[in-house]
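Report on the structure given below.
The values are calculated or read from the model by the stated rules, or taken from the named source; none is laboratory data. Because the structure is predicted, anything quoted here is derived from the model rather than measured. Every residue, glycine among them, receives a Cβ derived from its backbone with ideal geometry; neighbour counts consider all protein chains shown.
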Amino acid sequence: MKKNVKLLALLTVFVMVIGLFAGCGSKPADTEAPAEDAGSEPAEQVFVNIGTGGTAGTYFPLGGAFAEIWNNNIEGINATAQSTGASVANINLLKDKKVEVVIVQNDIAWYTENGAEMFKDKKYEDIRGLCTMYSEPLQIVTTDPSIKSVKDLKGKRVAVGAIGSGVEANARQIIAAAGFDFEKDINAKFLSFGEASTGLKDKQVDAAFLTAGIPTAAIQDLGAQHDVHVVPIDDEVADNLMGKYKFFTKFTIPANTYKGQTEDVQTLTVKSMLAVNADLDEDLAYNLVKSIYDNHDRVVAAHNVGKYITKETALDGMSVTVHPGAQKFFDEQGK
């Protein structure tokens, strides 16, 4: 009898142990329950690096404004603007997947997609446009009143933009259209906007090329110490350029844009634009574009040219294939 009692006790203990382990085994189900609410968790972080230009130009402050807008309005975005050598350098960064968004001139973007000019034999067909922004007039600036035309640049020390920049490309085109040899007829200095301004102040250069929205900070800075003379691009040179390059149009820089510039100045212009790679997520591209126009006041606060960045003109001068995400936004606007 005692033997049976002992056996019964052992069985009872065994059942209790089994129940204890079964109870423990049920706990993971409770701890995993919150996984059903995973959709409420923050979106995965997406890094968006923006290639801009020199800190004294127009691209850099605009890029900073775009980064702030995107960080504040698109969930999961971590956007930053970085200073670069501008258009051509930005294209190379985009091709190498080192940045996600770039600010470029529309002519440089066209050369990229079509393998022309500096991108001959380096065609990159995967570039896509998000939107065009504002006119970027070609500005030739000097503090020497004796330089009155492009042809007066012969033999002068001329800042022609950073190596690989859109400014350099435009300088080469203008010098050629004037009938000069870029390598022989001018003493070219490859300087950024800020460096060119300093060079003019210190009399280390005689004139400087800049392609940027007006007013350009580097020229305004120069005007704080010297009268600024903006050299016109006359009809002969302008017509030569417009006959060869489809993106140039005539543009007038209004009088008093800069200190000492008392008259309107005739020049040419291209357009700035935002470009990305073809593989950028469609929803992300849509939101990047939409948030810019939804926060137009912040863009205007970043730079005076911001007032020209509107959805009504966002496809004017678009020189490459539009990204489908951006196109979706413009389709909704009836463009």
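At-a-glance table
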quantity	calculated
Residue among Tyr111, Tyr134, Tyr124 that is in a loop (DSSP other than H, G, I, E, B) and either within 30 Å of Lys335 (Cα to Cα) or within 14 Å of the chain's Cα centre (by Cα) (or both)	Tyr124
Within region 157-187, tally of residues that are touching a strand residue (DSSP E or B) at 6+ places or on another chain (Cβ under 6 Å) and either surrounded by fewer than 22 Cβ atoms within 10 Å (Cβ to Cβ) or of a type in the set (Ser, Thr, Tyr) (or both)	3
Residue in region 140-160 that is within 18 Å of the chain's Cα centre (by Cα) and either within 30 Å of Lys328 (Cβ to Cβ) or part of a loop (DSSP other than H, G, I, E, B) (or both) present	no
Region 302-311, residues that are touching a residue at least 12 places away in the same chain (Cβ under 8 Å), in contact with a helix residue (DSSP H, G or I) (Cβ under 6 Å, 6 or more places away or on another chain) and surrounded by fewer than 19 Cβ atoms within 10 Å (Cβ to Cβ)	Lys311
Residues satisfying the stated conditions in region 170-188, i.e. assigned to a helix (DSSP H, G or I) and more than 24 Å from Trp110 (Cβ to Cβ)	Glu183, Lys184, Asp185
Subset of region 288-309 (residues that are modelled with pLDDT of 95 or more and either part of a loop (DSSP other than H, G, I, E, B) or more than 23 Å from the chain's Cα centre (by Cα) (or both))	Asn295, Ile309
Residues of region 252-266 classified as surrounded by fewer than 22 Cβ atoms within 10 Å (Cβ to Cβ) and either under 23 Å from Ile50 (Cβ atoms) or of a type in the set (Ser, Thr, Tyr) (or both), total	3
Answer residue from region 80-129, given it is among the acidic types (Asp, Glu) and touching a strand residue (DSSP E or B) at 6+ places or on another chain (Cβ under 7 Å) and is modelled with the lowest pLDDT among those	Asp107
Filtered residues of region 312-329 (kept if touching a residue at least 40 places away in the same chain (Cβ under 8 Å), assigned to a helix (DSSP H, G or I) and closer than 26 Å to Lys246 by Cα)	Thr313, Pro324, Ala326
Glu136 free of Cβ contacts under 8 Å to residues at least 12 places away in the same chain and within 27 Å of Gly243 (Cβ to Cβ)	no
Boolean, Val205 is in contact (Cβ under 8 Å) with a residue 60 or more places away in the chain, more than 25 Å from Ser319 (Cβ to Cβ) and aliphatic (A, V, I, L, M)	no
Complete set of residues in region 68-96 that are in a loop (DSSP other than H, G, I, E, B) and more than 14 Å from the chain's Cα centre (by Cα)	Ile74, Glu75, Gly76, Asp96
Criterion: of a type in the set (A, V, I, L, M, F, W, C), in contact with a strand residue (DSSP E or B) (Cβ under 7 Å, 6 or more places away or on another chain), modelled with pLDDT of 95 or more and surrounded by fewer than 20 Cβ atoms within 10 Å (Cβ to Cβ) - qualifying residue of Ala285, Ala278, Ala326, Ala314	Ala278
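Per-residue answers, yes or no, for (1) among the hydroxyl-bearing types (Ser, Thr, Tyr); (2) within 24 Å of the chain's Cα centre (by Cα):
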| site | (1), (2) |
| --- | --- |
| Ser165 | yes, yes |
| Glu168 | no, yes |
| Val205 | no, no |
| Leu222 | no, no |
| Val230 | no, no |
| Ala255 | no, no |
